[in-house]
Structure formats: C-alpha cells, structure tokens
Amino acid sequence: MRLLATNSVPDEPSLQAFDEVLLVPATRTDELALHQALQPWLSAKSPLLVIPCRDDDSVFLAGLQNSAHLGKGCTLLVGAPEPAQAMRDKWLSWELAQRHDLPFAPTLVPLEADRIDAFVARWGFPLLVKPRSGFASQGVRVLLDQRQLAAWAGRDDVVVQRYLGPAQGPEAYVDDLSRQGIPLFHSFETVKQSIQVLIAPDGSVQGTCCTLHRMRNGMSMLVEPDPDPDAPTLGLRCAQVFARLGWRGPLNVQCQRPPGGPLTIYEFNGRFTGATAARTLMGFDEVGMALQAFAHRDIGPVATPPATRVVRQLVSQAPCPELTSALQHQGVWCGAP
C-alpha cells in the first residue's frame, strides 16, 4: 500500500513517511487554488481513501463528495457538507446540538448587549471565549469579569461559552499569580474527556473509544481510558444524530462534566485527532477500521498488545533536503517506487 500526502509546508519533516507528496495551498487560505491543484491529482492517482487531517479539510472534502472529477474508486472519509460546517464552527455546533437535544455547553456569539447580560446573569463568571473556527485550544481565553468580556463584545468571529470546570479554579490560579508572580512556564489546561467514534458508510457505528487526556499546549500528553459510564452512551447518541444528518467517517466529541451536572459537550470534530496514535496503542485502531469499512482493505491487527496508558514523547527530526527542494521547485515529490 502506497501512502500519498498533501501539505502546504514544503519542509515539514513528517512528509518523509509518505511515498508521494503534493504541495498545495493552505485549505483556508485559497480553496479555489487548492481545488485546482488537488482534483487533477486525485483523478490521476485514484486513491482508495482520502483522509482529512484538519477541520478545514473536512469541510473542503465534504464539498467534493459528488464531484465528477474524483478518480475511479476514490472515497473521501467525510460525509455531508452541513454537519462538516457545523463541526468546524462552534456556534453552528451549539445550534445543531440544540436542534437534536444533545447536551452542549451554553454558547453565545457576543453581538447583542442584552443577550450578553442575560448570558452572564445565567452562568456567571468565569466564562470562556473561543474562536468560532479554532482548534487545539488556540486563541481560547478564560474571562473573569465584565471588563474582560467587554473587550470581546460586538465580535462575530468568536463565541462565549459556559466554563464547565469548578469556578474557583481560575480564581485561585489568578490569585496565586497576583501574590507570587507569573511562572515562566505556565498553563491552565485540565483533564479532557474525549469520545471517538467511527460512522460506517451505511450509517452504523463501527466502534467507540472513550478516553481521558492530560493536556499541554493543546496536545494530549497522557491518554488513559475514561471510566465515566455516561461517555459511551453520549458518544452513541452523537453518532446517531450525525449519521442521520449524513456524516460518515470519524466523529470526535470533546466533553466535560460540570460540578454536579451531566456530561456536557463543548466541541465536535469530524476527523481523526492528535490522539489517534494513542487510541491505536490502546486497542482502538480507528484508521484500520476506516480502511476496512470505506476501502475494504484489511491491514491486520496492531502488533503490540493494547495499552492502558499512553505517554506522548517528542522526537527530533530534520526535514529531508531532497523532498523540500522537489516540492519548492516541482510542487511534487515521489519516493522510491
């Protein structure tokens, strides 16, 4: 089996793992140019399965589902455009959850003063502000008072969301900073609950994996099984809703249980995630399942026994000069046949 990849960064070290690479524009920067570069390549290569790696990619590929220019037998690991767009945009995620009775963290676009005031009166501080189309916690801030909230009023590119953790956590953290100063290295990330499911081409649920993630800079540094008994049920509910809406492929549900409350969703993703490798080591081979369900290819079981605890370690790697040069000058690189 040959592995093909696209990337907008020619000196990305991980591209050496692939057999062929195409240099493309960043998805969000220029979708038209990406469309013009990618479609002839897909038509010529006819890959068995095209896998999105970011939310923008999921939305882009969902829009190509019915394209006549896809190669023969080429399958895209996505579903319908509407759920793809809803997963990328946290305001649309909230609206989708409301329509389908899914427990989602109360969310607001901070455009109207009266609605902002009502939101604060109902949920109080702290609150979160997030980019509507952000990922990996980039751009997320914890708001502690009206002055901080006012800085975001009138913005339609962000959402304000209920803070699901204990309210005293951020307050105690800021109090400690004010008394003892700011540590050179600091973060306010908590343990994340994550549910990963795979929706097969016929809409059935192929598998569910519920995990706990200790985070650092938006990355899962330690992954363990989640013992929360409500997580599998919530994952199945979400999968059934998205399947009815036409979504196919991976579905990631990020959630947290507020003090004394039910398990509550705060984000959806329609793709594999940064913890896919960790889940594979824990016995949930979502890539293998997707290849079997969508491309009818069995790559066999994972060679190692399932782990109950997976730790991420950083690896030093240099870009390949030949690969980088080929992408910069020819726009494509091919490894050994």
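Coordinate-derived values only; no laboratory data. What you are looking at is a predicted structure, and each value in this text was computed from that prediction instead of being measured. Counting neighbours? That spans all protein chains shown, and the Cβs are built from the backbone with ideal geometry, glycine included.
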- Item | On Cα atoms only, tilt of 168-180 relative to the major axis of the chain in degrees | 80
- Would you mind getting me the FRET efficiency between R309 and Q146? Use the beta-carbon distance for r and R0 = 45 Å, nearest 0.05. 0.60
- Task: Would you mind ranking I182, I195 by Cβ crowding within 10 Å, fewest neighbours first?
- Result: I182, I195
- Rounded to two decimals, the Rg over Rh value of region 189-311 from Cα coordinates and the Kirkwood Rh reads 0.96
- Fewest-first sequence of I299, I199 by Cβ atoms within 10 Å of each Cβ: I299, I199
- Report, in degrees rounded to the nearest 10, the 0 to 90 angle that the Cα long axis of helix 90-99 makes with the longest principal axis of the chain. 80
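Filter the trypsin sites (Lys or Arg not before Pro) in region 30-118 down to the DSSP loop ones having no more than 16 other Cβ atoms within 10 Å, then list what survives. Spell out each step's value before the answer.
Numbers: sites: K45, R54, K72, R88, K90, R99, R115; in loops: R54, K72.
When the trypsin sites (Lys or Arg not before Pro) of region 30-118 are filtered for loop state and at most 16 Cβ neighbours within 10 Å, R54, K72 remain.
Give me the extension gain from M215 to H296: residue separation times 0.36 nm, minus the current Cα-Cα distance, reported in nm with one decimal. Let's see the in-between values first.
On the way: separation 81, 0.36 × 81 = 29.16 nm, distance 3.47 nm.
Gain on stretching M215 to H296: 25.7 nm.
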- the chain: calculated mean residue ellipticity at 222 nm from DSSP helix runs of at least 4, using -39500 (n - 2.57): -9500 deg cm²/dmol
- Note on the structure: Subtracting the Cα-Cα distance of R244 and H186 from 0.36 nm times their residue separation yields 16.6 nm
- Phi to ³J(HN,Hα) by Karplus 6.51 cos²θ - 1.76 cosθ + 1.60 over region 253-258, Hz, x for Gly, Pro: 10, 9, 8, 7, 9, x
- Rg to Rh, two decimals, where region 105-180 supplies the alpha carbon set and Rh follows Kirkwood: 0.97
- Only residues of region 178-207 count here: report those whose backbone N is under 13 Å from the spot 7 Å along Cα→Cβ of R257, or say none. 193-194
- Query: How far is helix 113-123 tilted off the main Cα axis of the chain, in degrees rounded to 10, range 0 to 90?
  - Reply: 80
- Quote to one decimal, in nm, the extra length available between R237 and L4 on full extension: 0.36 nm per residue of separation minus the C-alpha distance between them. 80.5 nm
- For the chain: span of alpha carbons on each principal axis (Å, largest first): 61, 44, 43
